[in-house]
Amino acid sequence: MSEQFDFAIVGAGIAGASLAAGLAAHGRIVLLEAEHSPGYHSTGRSAAFWTESYGGPQVQPLTTASGPFLQAHGFLTPRGALTLARAEELAALTEFAAEFRALGVQVDDLDRTDLEARLPGLSGQWLAGAYEPDCCDIDVAGLHQYWLAAARKGGAEQWMRARLAGATRADGQWQLVLDDGRTLTTQVLINAAGAWADPVAEMSGVSRLGIQPYRRTVAQLELASGPPNDLPLVLGIDGLFYFKPEAGRLWLSPHDETPTPPCDAAPEELDVALAIDRFAQVVDWPIVRIEHRWAGLRSFAPDRLPVYGFDPEVAGFFWFAGQGGFGIQTAPAAADLACRLLLGEAPGVVDPHPYDPKRFY
């Protein structure tokens, strides 16, 4: 006989773990993870920063609302974020700063002299910057484990190597079949499958939303003198690079977005070379070697906003997907929003309507 649950969550990354923790006191929960351990894909490959401008103005409410939780539980370390602009990009930088200031985000204007003080060896083409002092590093592993532990303490079950193979709805319940033949039933099926969100929907008889995974590459560099200890997260207003220090090394990305099927992403040498070339155009810091390189998947809905809510056509199917590259920095507020929707409670501080899957129907 199949085991019976109130909520079955597909995916045990940061999205699924946060929901399992939030729902654990409200029914019998099972967290289904296809891999041998939770957080193997996007969660375990994050660049690990929290900055209110990242993801755009419609994501900012989720990021800002997540800050107090992350700060109170010790998951944030001050870093600062610096967005650079060339002469032809000054108007875009001004617009960027004004847009986020209007939303209550602190953004300070920096001129060339300010930039040189923060980035020794800066190339002459960079004339101005926008600095966000509230940007922080996130302890992603600690946050993920915190929620997994809270879920276990609340009674939620966590099944590893539990890949969903099929789901059908009958008599007000979902009948789930795993690829190893195990079966279970649940009142609500929650799709927190990241890059696999559309395939999970399709096998459940739910229309795809067009959630597309993109490959993002990161390289860890050893520099001749090491990055400055107080180096902020450095980004280009053109969206073509970012880099930050990490344990005496430098993490560098070409900010690539290469469409790919859901998979165990691997870095391409061309993307690593592109990252190195763009880095050399920013500062003249000699690179000793590339110590490590990896890639993760960032999954976006067509409008690049997350998708949180019940499917409007198929009862009992809940979307919690499309978090792009901002899923970790928005996780506390997103989980609160989703749990309220799942439990039929009033909205919290973040308006859920911009993220409702109904917008695609």
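Read the figures in this text as sums done on the coordinates, not as results from a lab. From a predicted model like this one, the values you see are computed outputs, not experimental measurements. Cβ atoms come from the backbone with ideal geometry, glycine included; neighbour counts cover every protein chain shown.
Working out 0.36 nm times the residue gap between D238 and R152, then minus their Cα-Cα distance, what length gain in nm do you get to one decimal?
Roughly 26.7 nm would be gained on extension.
Using the 2.2 N^0.38 Å rule of thumb for compact globular proteins, work out how the range 297-347 stacks up: its C-alpha Rg over that value, please.
In units of the globular-protein estimate, the range 297-347 measures up at 1.16.
Is the range 108-266 rounded, prolate or oblate when judged by the Cα gyration tensor, a ≥ b ≥ c being the square roots of its eigenvalues, rounded requiring a/c under 1.5 and prolate requiring a/b larger than b/c?
prolate
For every helix of n ≥ 4 consecutive DSSP H residues, a contribution of -39,500 (n - 2.57) applies; sum these over the chain, divide by its total residues, and give [θ] at 222 nm rounded to the nearest 500 deg cm²/dmol.
-7500 deg cm²/dmol
At Q220 and H292, where each label point lies 7 Å from the Cα along Cα→Cβ, what is the point-to-point distance in nanometres?
Each label point lies 7 Å from its Cα, and together they span 0.2 nm.
In nm, give the distance between the simple-model label positions of Q145 and T168, each being 7 Å from the Cα along the Cα-to-Cβ direction.
If labels sit at Q145 and T168, their model points lie 4.3 nm apart.
How would you order 277-285, 336-344 from highest to lowest mean count of nearby Cβ atoms within 10 Å?
336-344, 277-285
Relative to the compact-globule scaling 2.2 N^0.38 Å, provide the ratio for the alpha-carbon radius of gyration of the chain.
Working it through for the chain, the quotient is 1.02.
From the phi angles alone, apply the Karplus equation (6.51, -1.76, 1.60; θ = phi - 60°) to the range 254-267 and give each ³J(HN,Hα) in whole Hz, x where the residue is Gly or Pro.
Whole-Hz 3J(HN,Hα) from phi for the range 254-267: x, 6, 6, 9, 9, x, 8, x, x, 6, 7, 5, 10, x.
Mind listing the phi-derived Karplus ³J(HN,Hα) values for the range 231-247, rounded to whole Hz, using 6.51, -1.76 and 1.60 with θ = phi - 60°, and x for any glycine or proline?
4, x, 4, 10, 10, x, 4, 7, x, 10, 6, 8, 8, 7, x, 8, 6
Can you tally the net charge around Q106? Count Lys and Arg as +1, Asp and Glu as -1, for every other residue whose Cβ sits under 13 Å from the Cβ of Q106.
Combined, the nearby Lys, Arg, Asp and Glu give -4.
Using the alpha-carbon centroid of each, what span in Å lies between the range 1-56 and the range 170-240?
With the range 1-56 and the range 170-240 each reduced to a Cα centre, they are spaced 10 Å.
Which residues' amide hydrogens lie under 5 Å from the amide hydrogen of G39, considering only partners 5 or more residues apart or on another chain, with H built in the peptide plane?
A12, G13
5 Å is the cut-off here: which amide hydrogens, built 1.01 Å from N in the peptide plane, fall below it relative to Y242, excluding neighbours closer than 5 in sequence?
Sorted by chain and number, the residues that satisfy this are S253, H255.
Divide the volume of the convex hull of the Cα atoms of the range 24-167 by its number of residues and quote the answer in cubic angstrom per residue.
171 Å³
Order of S204, S2 from fewest to most other C-beta atoms within 10 Å?
S2, S204
Just want the answer: with Cβ charges of +1 for Lys and Arg and -1 for Asp and Glu, which residue in S46, G248, A275 is farthest toward the dipole's positive end in the chain?
Farthest towards the positive end: S46.
At a 10 Å Cβ-Cβ cut-off, how would you order K244, K153, fewest neighbours first?
K153, K244
Starting from the Cα gyration tensor of the range 231-361, take the square roots of the eigenvalues, sort them a ≥ b ≥ c, and report rounded, prolate or oblate (rounded when a/c is under 1.5, otherwise prolate if a/b is larger than b/c, else oblate).
Prolate.
Considering all alpha-carbon pairs of the range 1-54, what whole percent are spaced by more than 19 angstrom?
40 percent
Which net charge results when you count Lys and Arg as +1 and Asp and Glu as -1 among the other residues whose beta-carbon is under 14 Å from that of V206?
Overall, the nearby charge balance is -1.
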